[in-house]
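Participant: Questions regarding the structure given below will be posed in turn.
The values are calculated or read from the model by the stated rules, or taken from the named source; none is laboratory data. Computed from a predicted model, the values in this text were never measured in an experiment. In this analysis, Cβ positions are derived from the backbone assuming ideal geometry, glycine residues included, and neighbour counts consider all displayed protein chains.
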Amino acid sequence: MSGNMNITLKVWRQKNKDDRGRFETYPVQGVSPDMSFLEMFDVLNERLINEGKEPVAFDHDCREGICGMCSMYINGRPHGPLQGVTTCQLHMRSFKTNDTIVVEPWRAKAFPVIKDLAVDRSSFDRIMSAGGFISVNTGNAQDANATPIGKEDADTAFAAAMCIGCGACVAACKNASAMLFVSAKISQFALLPQGQPERKSRVSKMVAQMDAEGFGSCTNTGACEAECPKGISLSNIARMNRDYINAQFTSQQM
Amino acid sequence: MTSAKLDARIPEGQLEQKWTKYRSTVPLVNPANKRSLEIIIVGSGLAGASAASSLAELGYKVKVFCFQDSPRRAHSIAAQGGINAAKNYQNDGDSTYRLFYDTIKGGDYRAREANVYRLAEVSANIIDQCVAQGVPFAREYGGMLDNRSFGGTQVKRTFYAAGQTGQQLLLGAYSALQRQVGLGQVEMFTRHEMLDIVNIDGKCRGIIARDLITGKLERHFGHAVLLCSGGYGNVFYLSTNAMGSNVTAAWKAHKRGAFFGNPCYTQIHPTCIPVSGDHQSKLTLMSESLRNDGRIWVPKRKEDAEAIRSGKLNPNDLKEDDRDYFLERRYPAFGNLVPRDVASRAAKERCDAGFGVNQTGEAVYLDFAYNTKFKYGKKEATKLGISNPTEEQLNTLGKAVIKEQYGNLFDMYQQITGVNPYENPMMIYPAVHYTMGGLWVDYNLMTTVPGLYALGEANFSDHGANRLGASALMQGLADGYFVVPYTIGAYLSNEIRTKPIDTNHEAFVAAENEAKARLEKLMGIKGTKSVDHFHKRLGKIMWDKCGMARNAEGLKTAIAEIQTLKAEFWKEVRVPGELNEFNPELEKAGRVADFIELGELMCQDALNRNESCGGHFREEYQTEEGEALRDDVNFNYVAAWEYISESNWQLNKETLNYENIKIAQRSYK
C-alpha cells in the first residue's frame with residue numbers, strides 16, 4: 001500500500017433499478033494523497049473482489065475530466081468538495097485521514113439508477129436529438145473563413161460548448177432541472193451565425209423534450225452553476241429563457 | 001513482393017489525380033436502394049460518429065454501437081491540441097503536398113503514399129464541415145480562424161479550441177449523429193459491446209453484441225460492418241487512453257480473418273504527467289501544443305539533477321547556462337517541435353543517463369517561464385504601450401496569455417500533481433498514447449474480410465511508424481466524413497440484391513454460442529486474482545520489453561512470459577457478480593483476455609522487424625547518434641499478420657512503393 005490515510009466510505013449499494021438500495025460502510029486503509037478519488041475506489045474494489053464480494057459499480061472512462069462519464073455525489077455535492085473538478089480529477093489530498101465520506105449516485109427521476117453509483121443519462125441524448133445540432137449535411141460547407149466570427153462571440157460560444165454532459169447540474173438542483181445543460185447547447189449555437197436559421201425551433205424542441213423527460217423546472221437557485229465542473233454560466237439559462245419566450249411569441253409554426 | 005492475399009486497390013494514375021478520379025468513377029448506389037441497405041458501425045468516436053451521420057444523410061440505414069453510456073463519451077473527446085489541415089490560412093507556404101510530405105516523413109517512410117495524399121487532400125474540407133456544424137474553433141480578433149504549430153512541421157496548420165479540440169470536434173460529430181437518431185436514420189445502441197463479427201459465405205454480415213446492462217447477447221445483421229473502435233494502447237495497462245478503450249472489436253475481427261497491420265507500431269507521447277505511484281490507473285497527457293511555448297530541459301550537471309531530486313535545489317533557481325535544452329541542442333532546426341518518437345527517446349536517453357528530475361528519476365522539465373516573459377509578456381506590454389516593463393509586469397501579462405491558450409491543461413496539471421505550473425516548470429515523461437498499427441485495410445478502408453471496414457485509429461493506414469501531432473483527429477474525421485461515404489459504394493453497389501439475412505441463420509447462432517461459452521468460461525473460473533492483477537502484469541511486460549526501446553532477447557522473453565500469463569489468467573482469474581447483469585468486471589475480463597493475445601502478436605511483430613523506424617526502436621539498430629536506423633532494403637513493407645491458430649500467425653507483406661517521395665533518413669537537425 002502506498003499511502004497512510006484511512007478513510008471510511010459510506011457507499012450507496014443498489015443491485016438494479018428495482019432494488020430499494022441502502023448504504024454500506026467500508027473502511028479503506030493505506031490511501032495515498034496522490035490517488036484520485038476513483039483510484040481509491042479501485043483499491044476498495046480490488047479488496048472486495050479478493051474477499052469474494054461484489055465490487056461497487058460506478059461509471060468512469062477517460063479519468064481526465066473531459067468525457068463526463070464519472071458521476072459520484074460526494075458528501076452531498078456532485079463531484080465532491082472542489083469547484084471546477086470532476087470526480088476523476090478529485091484527489092485524496094482534498095480529504096483528511098479518518099474522514100468519513102458519503103458517496104451516492106446522481107439522484108433525479110430522469111436519471112434512473114442502473115446499479116450502485118451508475119445511472120442512466122440517456123435522457124440527455126434524447127434532448128440532443130430533439131434539436132441540439134445545426135442541420136448541415138456533410139459536404140455542404142462553405143470555406144471555414146468565409147464568415148468571420150468575432151473573437152468574443154466565438155469565445156463565449158466555446159465557453160458554453162465546454163459542457164461535458166455529466167449531469168452534475170441536475171444532481172445539484174433541488175428540482176432536478178436540466179436547464180444548465182440544455183441552455184449551454186442552445187447558447188453555443190445562438191451565439192454563432194451558423195445557429196441562426198434554426199434558432200427558434202431548436203429552443204422550442206429541446207425544451208419540450210427536456211420537459212417530456214421529467215426534469216424539473218428552474219427556480220434560479222444557482223446550485224447548478226456552483227457545482228458545474230466546467231464552470232458553465234447561469235447566464236446561459238437567461239439566454240435560453242429569452243430565446244424561448246421569443247420563439248413562443250414569434251414562431252410561425254402552428 | 002506484396003503477398004497475393006493483399007490487394008491495396010490503389011487507383012492508377014498520378015498521385016494528385018488518384019482520389020478525384022476514383023471518386024468520379026466509383027460505382028454508386030441509387031437513393032432508393034440505399035434505403036434498404038443496412039450498415040453497422042461499432043464505436044462512436046470521431047471516425048464512427050462522422051461515418052454514421054454521413055452515411056445516414058446519404059440514406060443508408062445505420063446502427064451504431066458504443067460501450068459507453070452515450071456516444072459523446074468516446075475517447076476522441078480527450079484529444080487536446082488540435083487538428084491539422086492544409087488550408088494555408090497563415091500564408092506560410094503550406095499545401096496539400098507539404099502536409100502529405102510531412103506525414104510520410106513523420107511516419108518514417110512506412111505509410112502508403114496514396115492514402116496519405118488523400119488524407120491531406122480532404123483535410124481542408126474537414127475544417128469547413130466542422131465550422132458549419134458550429135464547432136467553436138479559436139479565432140483571431142478579426143474573426144478568422146487561428147492556427148498553432150505542432151511537432152514535425154515548420155508551418156502553422158493546426159486548428160484548435162483551447163486544449164480541448166477533440167471534445168469540440170466530437171461534439172460536432174455527435175450532434176450530427178444525434179440529429180440522424182432523431183430523424184430515425186440511425187438506431188443507437190449505447191452500453192453495448194461488440195463481442196464478435198458474423199461472416200456468411202466469406203462476407204461480413206453482422207455482429208454479436210452484449211447489452212451491458214442486462215448482459216443479454218444480441219444478433220444484428222448488416223450489409224456491411226464498420227469498426228471505428230479506436231486503438232489498443234491499453235495493452236500497456238498504463239496509457240493516456242480511457243479506462244474502457246480496448247481492442248476487443250478489432251481482435252475478434254482479426255480472429256475471423258481480418259489481417260492485423262504493423263501491431264508493434266505504438267506511439268509513446270513525450271509530454272505526459274509522470275507516474276506517481278503503484279495505485280495509478282492511467283496516465284494523463286499534456287498536449288503537444290504546449291511544446292509551442294514550453295521548453296524542455298534537464299540540468300547539465302548530474303549534481304544539480306540530484307539536488308533537484310532530493311529537494312535541495314529549486315529548478316527555478318538553476319541558472320540558464322546550467323540547463324540543457326536537449327531538444328534544441330540536438331535538433332536545432334525543429335527544436336522542441338521534433339516528432340513525438342524523437343522527443344520521447346531523447347527524454348528517455350537523458351533520464352537513463354541520470355539527469356531525471358523527479359524522485360523516480362523519470363521526468364524532465366517542460367518550462368514556460370521564458371516564453372511567458374519574453375514571447376507573450378513583451379508583446380502584451382508593447383500593445384499596452386509599456387516601454388520599460390518590470391519583470392513582474394512581464395510575468396503577469398504573459399501568464400494571462402498562457403492561461404487563455406492552455407488554461408484547462410494547466411488546471412489539470414495542478415489538480416493531478418498538486419504543483420502550480422504557472423510558478424514551476426511542469427514535470428513530464430513519455431507515456432503510451434496512440435497505436436499506429438491496426439487492422440490492415442485497402443484504399444477503400446476495407447479489411448481482408450469483404451464487407452468489413454476499419455476507420456480511424458482502428459486501422460493501420462495513414463501514420464506509418466509514427467503519427468504526427470494533430471493528425472489523429474484529421475484521420476478519424478477524414479475516414480468518416482469524406483472517405484468511407486464514397487468508397488463503401490464500391491462494395492454496396494454489388495449488394496443491392498442481398499436481402500437482410502435472418503439472424504436465426506446458423507452462422508449467427510454459432511457466433512452467439514461461442515461468445516456465450518467464452519463469457520460462461522470467464523465466470524466459471526472463480527480463481528483468486530482480479531482482472532486488474534493480470535492487466536497490470538501484462539502492462540509491465542509490454543512496457544519493459546516492447547515499449548520505448550526493444551531488443552530481440554527481451555521480445556523473446558516477453559513472448560514466453562505472455563504465454564505463461566495467459567495460461568494463468570484462464571486458471572486463476574476471478575470475475576465476481578453474475579452473467580446476466582451490469583457487470584463491469586466481466587467486461588474488463590473479456591477485454592484483458594484479448595489484450596493478452598494481442599500483446600503476444602505485438603512482440604512477434606517487433607521481433608520480426610529487424611530495423612528501427614518511428615515508434616519502433618530496436619536497440620540493435622541505431623545510428624551512432626542514437627537515431628532510428630531503418631532498413632529500407634528488407635523492411636520497406638507493411639506487416640499484415642494473418643491469424644492461423646492460437647499463438648500462430650502467418651506474415652503477409654505489402655511492399656510500400658514510393659513513387660513521389662524520395663525515401664531518406666529522417667533529419668530534424
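Participant: Looking only at the range B:586-622, filter to residues that are small (Gly, Ala, Ser) and part of a loop (DSSP other than H, G, I, E, B); which one of those is nearest to B:Ser530 (Cα to Cα)?
Facilitator: Quick first cut of the range B:586-622, residues small (Gly, Ala, Ser) only: B:589-590, B:593, B:599, B:606, B:612, B:614-615.
From the residues that got through so far, the ones that are part of a loop (DSSP other than H, G, I, E, B) too are B:612, B:614-615.
Values: B:Ser612: 36, B:Gly614: 35, B:Gly615: 32 Å.
The residue in question is B:Gly615.
Participant: Got a sec? Which of B:Ala560, B:Ala567, B:Ala639, B:Ala664 is small (Gly, Ala, Ser) and surrounded by 17 or more Cβ atoms within 10 Å (Cβ to Cβ)? Spell out how you get there, then give the answer.
Facilitator: Values: B:Ala560 fails: surrounded by 17 or more Cβ atoms within 10 Å (Cβ to Cβ); B:Ala567 fails: surrounded by 17 or more Cβ atoms within 10 Å (Cβ to Cβ); B:Ala664 fails: surrounded by 17 or more Cβ atoms within 10 Å (Cβ to Cβ).
Of B:Ala560, B:Ala567, B:Ala639, B:Ala664, the one residue that is small (Gly, Ala, Ser) and surrounded by 17 or more Cβ atoms within 10 Å (Cβ to Cβ) is B:Ala639.
Participant: Does the range B:131-167 hold any residues that are in a helix (DSSP H, G or I) and in contact with a strand residue (DSSP E or B) (Cβ under 8 Å, 6 or more places away or on another chain), and which are they? Reasoning before the result, please.
Facilitator: Taking the range B:131-167 as the starting set, the residues that turn out to be in a helix (DSSP H, G or I) are B:131-132, B:165-167.
Hits for the range B:131-167 are B:Val131, B:Thr165.
Participant: Answer yes or no as to whether B:Arg35 is at pLDDT 95 or above, more than 30 Å from the chain's Cα centre (by Cα) and either more than 13 Å from chain A (Cβ to nearest Cβ) or buried (at least 19 other Cβ atoms within 10 Å of the Cβ) (or both). Steps first, answer last, please.
Facilitator: Numbers: at pLDDT 95 or above: yes; more than 30 Å from the chain's Cα centre (by Cα): yes; either more than 13 Å from chain A (Cβ to nearest Cβ) or buried (at least 19 other Cβ atoms within 10 Å of the Cβ) (or both): yes.
Criteria met by B:Arg35.
Participant: Then there is this: If B:Phe150 satisfies all but one of (1) over 17 Å from the mean Cα position of the chain (by Cα); (2) farther than 25 Å from B:Asp442 by Cβ; (3) among the aromatic types (Phe, Trp, Tyr), what's the number of the condition it fails?
Facilitator: With (1) over 17 Å from the mean Cα position of the chain (by Cα); (2) farther than 25 Å from B:Asp442 by Cβ; (3) among the aromatic types (Phe, Trp, Tyr) applied to B:Phe150, the lone miss is (1).
Participant: Take B:Glu625 and tell me if it is in a loop (DSSP other than H, G, I, E, B), modelled with pLDDT of 95 or more and not aliphatic (A, V, I, L, M). Give the derivation first.
Facilitator: On the way: in a loop (DSSP other than H, G, I, E, B): yes; modelled with pLDDT of 95 or more: no; not aliphatic (A, V, I, L, M): yes.
Taking the combined requirement at face value, the residue does not satisfy it.
Participant: How many residues are without any contact (Cβ under 8 Å) to a residue 60 or more places away in the chain and outside any loop (DSSP other than H, G, I, E, B) if we restrict to the range A:1-54?
Facilitator: Step one: list which residues in the range A:1-54 are without any contact (Cβ under 8 Å) to a residue 60 or more places away in the chain, which gives A:1-2, A:18-20, A:22, A:24-30, A:34-54.
Checking the rest, the ones that are also outside any loop (DSSP other than H, G, I, E, B) come to A:22, A:24-30, A:36-50.
Adding up the residues that qualify gives 23.
Participant: Considering only residues that are under 20 Å from B:Thr248 (Cα atoms) and surrounded by 15 or more Cβ atoms within 10 Å (Cβ to Cβ), which ones fall in the range B:495-517?
Facilitator: Once the filter is applied, which keeps residues that are under 20 Å from B:Thr248 (Cα atoms) and surrounded by 15 or more Cβ atoms within 10 Å (Cβ to Cβ), the range B:495-517 yields B:Ala507, B:Phe508, B:Ala511, B:Glu512, B:Ala515, B:Lys516.
Participant: While we're here: Could you check, for the range A:126-149, whether at least one of its residues is part of a loop (DSSP other than H, G, I, E, B), closer than 28 Å to A:Asp18 by Cβ and without any contact (Cβ under 8 Å) to a residue 40 or more places away in the chain?
Facilitator: First, pick out the residues of the range A:126-149 that are part of a loop (DSSP other than H, G, I, E, B): A:132-149.
Okay, now just the ones that are also closer than 28 Å to A:Asp18 by Cβ, so none.
Among the residues of the range A:126-149, not one is part of a loop (DSSP other than H, G, I, E, B), closer than 28 Å to A:Asp18 by Cβ and without any contact (Cβ under 8 Å) to a residue 40 or more places away in the chain, which makes the answer no.
Participant: Is it true that B:Tyr406 is modelled with pLDDT under 95 and either within 21 Å of B:Asn147 (Cα to Cα) or in a strand (DSSP E or B) (or both)? Even if it seems obvious, please write down each step before you answer.
Facilitator: Working: modelled with pLDDT under 95: yes; either within 21 Å of B:Asn147 (Cα to Cα) or in a strand (DSSP E or B) (or both): yes.
So B:Tyr406 passes the test.
Participant: Condition test on B:Ala124, is it surrounded by fewer than 24 Cβ atoms within 10 Å (Cβ to Cβ), touching a Leu at 6+ places or on another chain (Cβ under 8 Å), in a helix (DSSP H, G or I) and of a type in the set (A, V, I, L, M, F, W, C)? Full working, then the answer.
Facilitator: On the way: surrounded by fewer than 24 Cβ atoms within 10 Å (Cβ to Cβ): yes; touching a Leu at 6+ places or on another chain (Cβ under 8 Å): no; in a helix (DSSP H, G or I): yes; of a type in the set (A, V, I, L, M, F, W, C): yes.
Here the answer is no, as B:Ala124 does not meet what is asked.
Participant: Residues that are within 20 Å of B:Leu409 (Cβ to Cβ), within 14 Å of chain A (Cβ to nearest Cβ) and of a type outside the set (Ser, Thr, Tyr): does the range B:141-155 have at least one?
Facilitator: So in the range B:141-155, the residues within 20 Å of B:Leu409 (Cβ to Cβ) come out as B:146-151.
Among the residues that remain, those that are also within 14 Å of chain A (Cβ to nearest Cβ) are: B:146-147.
Right, trim to of a type outside the set (Ser, Thr, Tyr) and you get B:146-147.
Yes, the range B:141-155 contains a residue that is within 20 Å of B:Leu409 (Cβ to Cβ), within 14 Å of chain A (Cβ to nearest Cβ) and of a type outside the set (Ser, Thr, Tyr).
Participant: Next question. Count, please, the residues in the range A:210-219 that happen to be surrounded by 15 or more Cβ atoms within 10 Å (Cβ to Cβ) and more than 17 Å from A:Pro112 (Cβ to Cβ).
Facilitator: Quick first cut of the range A:210-219, residues surrounded by 15 or more Cβ atoms within 10 Å (Cβ to Cβ) only: A:210, A:213, A:215-216, A:218.
Those left that are additionally more than 17 Å from A:Pro112 (Cβ to Cβ): A:218.
Selection size over the range A:210-219: 1.
Participant: A:Thr219 versus (1) in a loop (DSSP other than H, G, I, E, B); (2) under 17 Å from A:Ala108 (Cα atoms); (3) within 14 Å of another protein chain (Cβ to nearest Cβ): which is the lone unmet condition?
Facilitator: (3)
Participant: Okay, moving on. Going residue by residue through the range A:200-213, is there one that turns out to be hydrophobic (A, V, I, L, M, F, W, C) and in a loop (DSSP other than H, G, I, E, B)?
Facilitator: Our first condition is that a residue be hydrophobic (A, V, I, L, M, F, W, C); within the range A:200-213, this holds for A:203, A:206-208, A:210, A:212.
With in a loop (DSSP other than H, G, I, E, B) added as a condition, the list becomes none.
Scanning the range A:200-213, I find no residue that is hydrophobic (A, V, I, L, M, F, W, C) and in a loop (DSSP other than H, G, I, E, B), so the answer is no.
Participant: What do you reckon, is B:Ser123 of a type in the set (Ser, Thr, Tyr) and without any contact (Cβ under 8 Å) to a residue 60 or more places away in the chain?
Facilitator: Details: of a type in the set (Ser, Thr, Tyr): yes; without any contact (Cβ under 8 Å) to a residue 60 or more places away in the chain: no.
It is false that B:Ser123 is of a type in the set (Ser, Thr, Tyr) and without any contact (Cβ under 8 Å) to a residue 60 or more places away in the chain.
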